[in-house]
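The values are calculated or read from the model by the stated rules, or taken from the named source; none is laboratory data. Remember, predicted model here, so these are calculated numbers, not experimental data. Cβ atoms come from the backbone with ideal geometry, glycine included; neighbour counts cover every protein chain shown.
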Amino acid sequence: MMFDKMSRKGSAEERDLVHKLWDKNFAAMRTPSSGGATKKPLPDVLAGNGKIYIAIEVKTTTRNKFYVDSHQIDGLYEFCDIFGAIPYIGVKFKYIKWIFLSPEKIERTRSDNYRVEKSTALIDGLELDEILGLDKQLRF
């Protein structure tokens, strides 16, 4: 039951992100991998506007840190290399707007997985307009 609830929450966040992308004139869709429909490495959300293509692995959490298995990131890179998309981890911390991280900027663990901490994500993460090439955030 708990997994079902988390899965529904993740799906709702993915749908929210897809709507936000369409609002920015990026065609966007959730891919079937979200439901485990294929063994192929697919991102959760795929979007593009004819110039920029992005592939997003979506993570939602109420915690201050979470982990991502290396095989998920490897699959994201594999898809992006073939498709020509830019890979991102899209993070939705509770009560905070979307944050996007390039996988290469995410801390690796000793077991070769990835650890995302909220405090670091807030500093290093990009906003939606930044990954879409619509805006640059000033960093001090």
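General observations
- Checked against the criterion of being in a loop (DSSP other than H, G, I, E, B) and at pLDDT below 90, region 101-114 contains one or more residues that satisfy it.
- Complete set of residues in region 1-26 that are within 12 Å of residue 44 (Cα to Cα) and modelled with pLDDT of 95 or more: 17, 18
- Taking the numbered list (1) in contact (Cβ under 8 Å) with a residue 40 or more places away in the chain; (2) surrounded by fewer than 20 Cβ atoms within 10 Å (Cβ to Cβ); (3) part of a loop (DSSP other than H, G, I, E, B) in turn, residue 20 passes all entries but (3).
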